[in-house]
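The structure under discussion appears below in the form of structure tokens.
Any read-out appearing in this document is the output of simple, stated calculations on the displayed coordinates, not a laboratory observation. Note that the coordinates shown come from a computational prediction; the quantities given were computed from them, not determined experimentally. Every residue, glycine among them, receives a Cβ derived from its backbone with ideal geometry; neighbour counts consider all protein chains shown.
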Amino acid sequence: SGLVTIDPGFKNTGSTESAITFLDGEKGILRYRGYSIEELAEKSTFLEVSYLLINGELPTAKELENFKSKITHHTLIHEDIKSILDGFPSNAHPMGVLSSLVSSLTAFYPESLDPNRSAEGVNLSILRILAKLPTMAAWAYKNEIGHPVNYPDNRLDYCSNFLKMMFALPTDDYKVDPVVASALDKLLILHADHEQNCSTSTVRLVGSSHASLYASISGGINALWGPLHGGANQAVIEMLEAIQADGGDVKKYMAKAKDKDDPFRLMGFGHRVYKNFDPRAKIIKKAADDVLAKLGINDPILEIAKGLEEVALSDPYFIERKLYPNVDFYSGIIYRAIGIPTSMFTVMFAIGRLPGWIAQWKEMRENGEPIGRPRQIYTGANLRPFVPMEKR
Ligand code: CMC
């Protein structure tokens, strides 16, 4: 139909009004609910930011305590979920496992399927998913390496508890390093929301059919998995390792990235909306330096990353196209430094992005937005008679 205009990849199509995240890609500005990402990364905590994104305002001390204690209360997951986990082969990528386990919550909490749930009912689903995602994520990792799972330790804060479930062995006396926990907390804040990106748009689109929060989040996790989106943090480290193994010649890889006949792209560079420095990349670069120094780690990969950045920023191809390092360029280096295995990088992104997905899903439902249903322009065959089998 002549009235439909097509905008592949929705490069210039707005899908919604939103009061959650402000982003100016030309200037490199990012704010959650009006607070700058720089200030939040420095002064806030991940659960406080989660409360802010989901409820619109910073919590009072009492509201935050209450929020945290409710989340802590729900960290255990149903034992039957363990048998679902056991059905996965070891080596299964933790992202696929995670989205499946999240989807399974619809079966354990069928009341979440009711599109007319009360606000308290919705809030309970929100607390449950915030509480259970780190447990499921750590279990997906334990499955991957074939180790027994750890149960949550509710004496610990959100990040410390996750780290303990990830790394404690049945026989050791695992102590969380506070430098590691606080680095993780900061990374999660930086990933917490990013307006209508691919996974968030997916969450909103799935939820627009009045599917449950868990089903919508599961869809978001799958969308995040791809290497052009959240999967980029894993792809960055794999790329840096490949460059290192190949002698560390960054210029050679720069030439590959510019060669249109070569599918290679410089992972961690470029962004649909940032045509300037991704403000999160600036914070992460500094954090990477701090964390490595505090932990006394000297990672040659960091030097390769810095070399690559330097060459790219002065290269006409990258300058013309306004390609700058994005959030994923340095995040993997911190994850590596704090012991997170490469296969879990995108899972870490999912844990960070969860409050954003929730806030966006909730906003869409509260605003009574219609079902998402884009149009198309048909380019296939005209009407033609059915061809019987013997004549094909
Ligand atoms: N390396 C080499 N060339 C690139 C790159 C790159 N990383 N990114 C973009 N380009 C080129 C692209 O080939 C195109 O060139 P031309 O105009 O000559 O055809 C031009 O720059 C515009 O790129 P595009 O693909 O049309 O831009 P897009 O908005 O569709 O894609 C992107 C954005 C992030 C998918 C893309 O920049 C990319 O693939 N980057 C690498 C993957 C990555 O780091 N993703 C993480 C994004 S941040 C985390 C998150 O998802 O939130």
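Sorted largest first, the spans of the alpha carbon positions of segment 334-381 along the three principal axes are 52, 38, 11 Å. Treating each Cα of segment 285-324 as an identical point scatterer and summing with the Debye formula, the log10 of I(q)/I(0) at q = 0.22, 0.29, 0.36 Å⁻¹ comes to -0.71, -0.91, -1.11.
Once C-alpha pairs closer than 8 Å and six or more residues apart are averaged by separation and normalised to the residue number of segment 105-231, the relative contact order reads 24 percent.
Could the peptides 107-115, 161-169, 125-133 be put in order, highest first, of the mean number of other beta-carbon atoms found within 10 Å of their residues?
On the way: 107-115: 13.9, 161-169: 19.8, 125-133: 22.1.
Top of the packing list down: 125-133, 161-169, 107-115.
Under a no-solvent Debye model with one identical scatterer per Cα of segment 161-218, what's log10 I(q)/I(0) at q = 0.18, 0.19, 0.20, 0.28 Å⁻¹? Debye intensities relative to I(0), on a log10 scale: -0.76, -0.78, -0.80, -1.05. For segment 211-308, applying the loop criterion from DSSP together with a ceiling of 12 other beta carbons within 10 Å to the trypsin sites (Lys or Arg not before Pro) yields Lys260. Here's how it looks for Ile29: its modeled amide H is under 5 Å from those of Asp24, which are all 5 or more places away or on a different chain. Ellipsoid semi-axes for the chain, based on the Cα gyration tensor and the rule √(5λ), read 31, 30, 23 Å when sorted largest first. Pairwise inverse Cα distances across segment 141-189, averaged and inverted, put the Kirkwood hydrodynamic radius at 11.4 Å. Residues in segment 189-201 carry Karplus couplings, in order, of 4, 5, 9, 5, 7, 7, 6, 8, 5, 4, 5, 5, 4 Hz; the curve used is 6.51 cos²θ - 1.76 cosθ + 1.60 with θ = phi - 60°, and Gly or Pro positions show x. Taken along the Cα-to-beta-carbon direction at a fixed 7 Å, the label points for Glu111 and Asp173 span 4.3 nm. Taking N as the residue count of segment 310-352, its C-alpha radius of gyration divided by 2.2 N^0.38 Å amounts to 1.49.
Two decimals is fine: what's Rg over Rh for segment 238-392, C-alpha atoms, Kirkwood radius as Rh?
1.16
What the Cα convex hull of segment 28-127 gives, in volume per residue, is 159 Å³.
Build a GNM of the chain with springs between Cα atoms under 10 Å apart, and of Gln234, Gln196, Gln244 the one that fluctuates most is Gln244.
Equivalent ellipsoid semi-axes for segment 201-327, as square roots of 5 times the alpha carbon gyration tensor eigenvalues: give them largest first, rounded to whole Å. Before the final figure, lay out each step's value.
On the way: eigenvalues 176, 73, 42 Å².
Working through the eigenvalues yields semi-axes of 30, 19, 15 Å.
With a cap of 16 neighbouring Cβ atoms within 10 Å, and only residues DSSP puts in a loop, list the chymotrypsin sites (Phe, Trp or Tyr not before Pro) found in segment 332-392. Hits after loop and neighbour filter: Tyr378, Phe386.
Shown is the FRET efficiency for His147 and Ala245, computed with R0 = 25 Å from the Cβ-Cβ distance and rounded to the nearest 0.05: 0.35. Short-range pairs are left out: with C-alpha atoms under 8 Å and at least six residues apart, the relative contact order of segment 1-152 is 20 percent.
Measuring r between the beta carbons of Asp261 and Glu390 and using R0 = 45 Å, the FRET efficiency lands at 0.50. Between Phe277 and Ser209, residue separation times 0.36 nm minus the direct Cα-Cα distance comes to 20.9 nm.
Would you work out the Kirkwood radius for segment 248-291? I mean one over the mean of 1/r across all pairs of different Cα atoms, in Å. Don't skip to the end; give the middle numbers.
On the way: mean 1/r = 0.0803 Å⁻¹.
Computed over segment 248-291, the radius equals 12.4 Å.
In segment 95-235, the C-alpha radius of gyration followed by the widest Cα-Cα span (Dmax) gives 16.1, 47 angstrom. In the structure shown, do any of Lys256/Lys285; Lys285/Lys322; Lys142/Lys251 have a Cα-Cα gap over 29 Å, and if so which? Lys142/Lys251, as the Cα separations exceed 29 Å there.
Looking at the P(r) of segment 218-292, how many percent of alpha-carbon pairs lie beyond 15 Å? Tail of the P(r) past 15 Å holds 68 percent of the pairs. Quick check on my link table: of Lys70/Lys132; Lys43/Lys282; Lys275/Lys362; Lys286/Lys362; Lys68/Lys164, which ones sit more than 23 Å apart, alpha carbon to alpha carbon? Pairs exceeding 23 Å: Lys275/Lys362; Lys286/Lys362.
When only C-alpha pairs under 8 Å and at least 6 residues apart count, what is the relative contact order of the chain, in percent?
Details: 520 pairs, mean separation 89.9, N = 392.
Relative contact order here is 23 percent.
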